[in-house]
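What follows is a single structure, written as structure tokens, with notes after it.
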Amino acid sequence: MTGGVAGRRRAILLMGPTGAGKSDLAMRLAGRLPLEIISVDSALVYRGMDIGTAKPTVDMRERVAHHLIDIRDPADSYSAGEFTRDAVHAMEDIWRRGRQPLLVGGTMLYFHALSHGIAELPAADPEVRAGIGAQAAASGWAAVHQELEKVDPAAAARIHVNDPQRIQRALEVYRLTGKPITRLQQNRLSAFADVDVTEFAVAPLERGDLHTRIELRFGAMLVAGFLSEVRALVARGDLSTEHPSMRAVGYRQLWRHLMGQCALNEAAIQAIAATRQLAKRQLSWLRRRERAQWFDSMHPGVAGMMMDALLKGGFAAPSEVTSQRGLC
């Protein structure tokens, strides 16, 4: 059997901030182990967004199977729930082929959803939402919050009276199902409930090194045609900065430039700053992953060290692994 003990389901999580070099590390690991890559990135799902997302190249995707890339149009939304279902389906397919999934990315909400499970809640119902909205318009959100308190006191306790969106959703779920959203949210099952998971977190040891990589990478994106990519998305005519896809860092700043709201150099400065802030948030999420093994992504031998960790953890027997030469 590939991947170690017969019948054992395994998965590797390769997590890190944007710009840390995750894609390169993933390719090097997949070149030595029977792995297929599942993208854990909320921007890579969108077609036509290649340069600004640092999407794996066609050559990389031909050499190693990648999943959950280019599966949505930029005009579409894509939720954590949809990702979880798609990722579970992809993992099942990979395991059926006798291989193992390598989940790579920086969308920490997606990793959290996979690890902790996501509640099976009903889809939004426009008619029910309209009814709740009309009720709020007539009597105020405070009165709607009081109604929620009667049917789901736990939800009302954690949802502020000035948070109409969450009040509406909690009450909508109750009206659709007859069950409190709090109870439904307790019925969560981790996608890794019966899986041996190895978690790697990669980032430069020095924050300044990550900041430099982010700045250099954005400059390289502009040289590669990032502005033209955003211009083509603007020219479609059916997108705006309200779409989740266009709120991705880099895209929304260049969009502002193309709308005449700022100069290109100003947009670049804003995009680099926004990307650094994103990396900071990603690192904060990562520090909560108690099982993660941390590696310096700038270390020249990082791939070899990760391979050693996998072998020591029983991920694969040495006889099942090709030569490790070239990993360092």
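The values are calculated or read from the model by the stated rules, or taken from the named source; none is laboratory data. Worth saying up front: this structure is predicted, and the values here are computed from it rather than measured. Neighbour counts are summed over all protein chains in view; Cβ atoms, including those assigned to glycine, are modelled from backbone coordinates with ideal geometry.
Some points to look at:
- The residue list Leu210, Leu216, Leu222, Leu184 contains one member that is modelled with pLDDT of 95 or more, outside any loop (DSSP other than H, G, I, E, B), surrounded by 15 or more Cβ atoms within 10 Å (Cβ to Cβ) and more than 22 Å from the chain's Cα centre (by Cα), which is Leu222.
- The criterion of at least 3 residues that are within 28 Å of Arg291 (Cβ to Cβ) and touching a residue at least 12 places away in the same chain (Cβ under 8 Å) is met, among helices (runs of 4 or more DSSP H) falling completely within the range 15-96, by 22-30, 80-96.
- In the set Gly106, Gly81, Gly48, only one residue is modelled with pLDDT of 95 or more and either surrounded by fewer than 18 Cβ atoms within 10 Å (Cβ to Cβ) or over 21 Å from the mean Cα position of the chain (by Cα) (or both); that residue is Gly48.
- When the range 16-40 is filtered for residues that are crowded, with 24+ Cβ neighbours inside 10 Å, over 21 Å from Gly208 (Cβ atoms) and under 18 Å from the mean Cα position of the chain (by Cα), the ones remaining, listed by number, are Ala26, Ile37, Ile38, Ser39, Val40.
- The range 237-254 residues that are within 21 Å of Gly19 (Cα to Cα), paired with ones that are of a type in the set (Ser, Thr, Tyr) and surrounded by 18 or more Cβ atoms within 10 Å (Cβ to Cβ) (beta carbon under 6 Å, 6 or more apart): Ser245/Tyr46; Val249/Thr275
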